[in-house]
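See below for the structure under consideration.
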Amino acid sequence: MSAPTYISLPAAEQKALFRRILERSEDKSSRAPVIVFDLDGTLMDNRPRTLAILKALGQSWKTRAPKHAEALAKANVDSLAYLVKDSVANLGVTEPELIAEAETFWKERFFTDDALSHDVAIAGAVEFARAAYERGAMLVYFTGRDLPFMGVGSFRSLRDLGFPIGVVGAELVLKPEFSIPDETFKRMEVSRLERRGEIIATFDNEPGNCNIFAETQPTAENVFMDTQHLPGAPALRSDVKTVKDFAAALP
Ligand SMILES: [Mg+2]
């Protein structure tokens, strides 16, 4: 099965979309304007995190599987697939026991505070978040990361990348525990976000989450970030707009 393809808004419409959101960020005529941002694959590219973990795995394979160790050492973000087993397969690892080991090695590290320092901001994301915040929007970072193992690292990474955090009007919302499926959590929590004010825009890289926002927040600008997402995701609703990054928001 081939991956679905998404059609991004034309450049001029992307500019207009970001402009409308910034204008609504200033509007205090009714309830406070709220913008909801997912983190992974939306504001941040987490592929460098996976890459760093695979390079550490390669180090540990130096004597046991030197050819694979070398391939992993040379890997770059473009060799990565969504799933680790596919990423290592792309790099020539075919032995089932090594693939299983790679998955375990990755899983033990990827969902931890310390690994988050490798993440980088998506193009234009910091500038757009700051501009919206400065205009008066409340920012809610609404992530499927969990509070126990990724809360501190998420806060640190938002701060270090330059996103508004630790200030009035910027809030980090995480899953109370790792085992809750992201979509279940987002569906459960979205109505509570409305306590903050009027949700004027949402950004997420998972079609399932975007569909929840489109269904529950029909007056918001609901935006799908076409970066990477879980294989087998549901079809994206037609009222969700697609962009690949925030570059069109840059002046
Ligand atoms: Mg995401």
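The values are calculated or read from the model by the stated rules, or taken from the named source; none is laboratory data. Note that the structure is predicted; figures quoted are calculated from it, not measured. Virtual Cβ from ideal backbone geometry, glycine too; neighbours counted across all protein chains shown.
Being within 16 Å of the ligand (Cβ to nearest atom), surrounded by 15 or more Cβ atoms within 10 Å (Cβ to Cβ) and among the charged types (D, E, K, R): is that true of residue 187 here? It would help to see each step written out before you state the result.
Values: within 16 Å of the ligand (Cβ to nearest atom): yes; surrounded by 15 or more Cβ atoms within 10 Å (Cβ to Cβ): yes; among the charged types (D, E, K, R): yes.
Yes; evaluated as a whole, the condition is true for this residue.
With respect to residue 179, is the statement that it is farther than 20 Å from residue 7 by Cα and more than 17 Å from the chain's Cα centre (by Cα) true?
Working: farther than 20 Å from residue 7 by Cα: yes; more than 17 Å from the chain's Cα centre (by Cα): yes.
For residue 179, the condition - farther than 20 Å from residue 7 by Cα and more than 17 Å from the chain's Cα centre (by Cα) - is met.
What's the number of the only condition in (1) closer than 21 Å to residue 171 by Cα; (2) within 13 Å of the chain's Cα centre (by Cα) that residue 28 fails to meet?
Of everything listed in (1) closer than 21 Å to residue 171 by Cα; (2) within 13 Å of the chain's Cα centre (by Cα), residue 28 misses just condition (2).
Report yes if some residue within the stretch 127-140 is within 16 Å of the ligand (Cβ to nearest atom), in contact (Cβ under 8 Å) with a residue 40 or more places away in the chain, under 22 Å from the mean Cα position of the chain (by Cα) and surrounded by fewer than 17 Cβ atoms within 10 Å (Cβ to Cβ); otherwise report no.
no
Going by the conditions given, is residue 218 over 26 Å from residue 151 (Cβ atoms) and of a type outside the set (D, E, K, R)? Steps first, please.
Details: over 26 Å from residue 151 (Cβ atoms): yes; of a type outside the set (D, E, K, R): yes.
Spelling it out, residue 218 is indeed over 26 Å from residue 151 (Cβ atoms) and of a type outside the set (D, E, K, R).
Determine if the stretch 145-162 includes at least one residue that is within 16 Å of the ligand (Cβ to nearest atom), part of a helix (DSSP H, G or I), of a type in the set (Ser, Thr, Tyr) and in the same structural domain as residue 39 (by TED's automatic domain parsing).
yes
Take residue 120 and tell me if it is touching a residue at least 40 places away in the same chain (Cβ under 8 Å) and either under 28 Å from residue 222 (Cα atoms) or more than 16 Å from the ligand (Cβ to nearest atom) (or both). Steps first, answer last, please.
Details: touching a residue at least 40 places away in the same chain (Cβ under 8 Å): yes; either under 28 Å from residue 222 (Cα atoms) or more than 16 Å from the ligand (Cβ to nearest atom) (or both): yes.
Yes; evaluated as a whole, the condition is true for this residue.
Can you tell which of 54, 39 is in the same structural domain as residue 241 (by TED's automatic domain parsing), within 24 Å of the chain's Cα centre (by Cα) and within 18 Å of residue 115 (Cβ to Cβ)?
Numbers: 54 fails: in the same structural domain as residue 241 (by TED's automatic domain parsing).
It is 39.
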